[in-house]
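Asker: Got a structure for you, written out below as structure tokens; questions coming shortly.
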Amino acid sequence: MAITSSNIDTGKTPQRNMSGLWGGPFVMGLLLSLLGIVALGAVVITSVASVVFFGSMLVVAGVFEIVHAFRVRKTGPFLMFLLGGVLSIVVGAMVLARPGSGLVAMTLLLAGYFFASGLFRGITSIVDRYAGWGWDFAYGIVSVVLGVIISSQMPTSTLWALGLVVGVEILSRGISIMAGALAVRGAMQRLAHP
């Protein structure tokens, strides 16, 4: 006789097994939301921490790329991977050595991104006039205005812009995970009690 999960008594009720499928993601989403609120409450610290994290990740990626270069030196583009890894390490080290300058550079990139993507989205929505184009046009206007605000308030905006974007991203990610977990819970309840 084959042993299946239905033959084994785990001591858990079906209700408890079901809560494990949506409960973990809900708690993770709740914790992420709380982290997002903390990040929004301390945007300067979040901005600096984001730059330090970015610099550290560049250094780590550079090390991995150099290791990869030596692993494929006989079969692949050794020099490309080696130089790419060295460049990543140098840029990451520069960001870590001068986080203030890195923060200014990342804030300028963020402002440029908001401005360019908003302009592109706004113009595309007006030209194409597809279903729901008004929402994309409004998003484009908000994005352009945000880019202008960030760039016009330089260098002061370096203290809050990046931290604000990171905090909002973490908060919205947490809320979306909680909403997904609650949707799974509702679907499971509908299946359990038709």
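The values are calculated or read from the model by the stated rules, or taken from the named source; none is laboratory data. Only a predicted model underlies this, so the values are computations on that prediction, with no experimental measurement involved. Cβ placement follows ideal geometry from the backbone for every residue including glycine, while neighbour counts extend to all protein chains displayed. These accessible areas exclude ligands, DNA and RNA; they are computed on the full protein's heavy atoms, side chains included. Shrake-Rupley method; radii C 1.70, N 1.55, O 1.52, S 1.80 Å.
Asker: Taking the stretch 92-116 as the region of interest, how many residues are open to solvent by 60 Å² or more (accessible area, probe 1.4 Å) and either within 12 Å of F54 (Cα to Cα) or without any contact (Cβ under 8 Å) to a residue 24 or more places away in the chain (or both)?
Answerer: The total comes to 6.
Asker: Considering (1) of a type in the set (A, V, I, L, M); (2) in contact with a helix residue (DSSP H, G or I) (Cβ under 8 Å, 6 or more places away or on another chain); (3) open to solvent by 90 Å² or more (accessible area, probe 1.4 Å); (4) modelled with pLDDT under 90, say which one M1 fails and leave the rest.
Answerer: Result: M1 fails condition (2) only.
Asker: Could you tell me which numbered condition L40 fails, if it satisfies all but one of (1) open to solvent by 80 Å² or more (accessible area, probe 1.4 Å); (2) under 30 Å from T156 (Cβ atoms); (3) in contact (Cβ under 8 Å) with a residue 40 or more places away in the chain?
Answerer: Of (1) open to solvent by 80 Å² or more (accessible area, probe 1.4 Å); (2) under 30 Å from T156 (Cβ atoms); (3) in contact (Cβ under 8 Å) with a residue 40 or more places away in the chain, only one is false for L40: (1).
Asker: Then there's this: Considering only the stretch 117-133, how many residues are in a helix (DSSP H, G or I) and open to solvent by less than 90 Å² (accessible area, probe 1.4 Å)?
Answerer: Our first condition is that a residue be in a helix (DSSP H, G or I); within the stretch 117-133, this holds for 117-128, 133.
Remaining after also requiring open to solvent by less than 90 Å² (accessible area, probe 1.4 Å): 117-119, 122, 124-126, 133.
So the answer is 8.
Asker: Would you mind finding the one in F120, F78, F114 that is in contact with a Ser or Thr (Cβ under 7 Å, 6 or more places away or on another chain) and not acidic (D, E)?
Answerer: Of F120, F78, F114, the one residue that is in contact with a Ser or Thr (Cβ under 7 Å, 6 or more places away or on another chain) and not acidic (D, E) is F114.
Asker: Just wondering, is there one or more residues in the stretch 134-144 that are of a type in the set (G, A, S), without any contact (Cβ under 8 Å) to a residue 24 or more places away in the chain and buried (at least 19 other Cβ atoms within 10 Å of the Cβ)?
Answerer: Among the residues of the stretch 134-144, at least one is of a type in the set (G, A, S), without any contact (Cβ under 8 Å) to a residue 24 or more places away in the chain and buried (at least 19 other Cβ atoms within 10 Å of the Cβ), which makes the answer yes.
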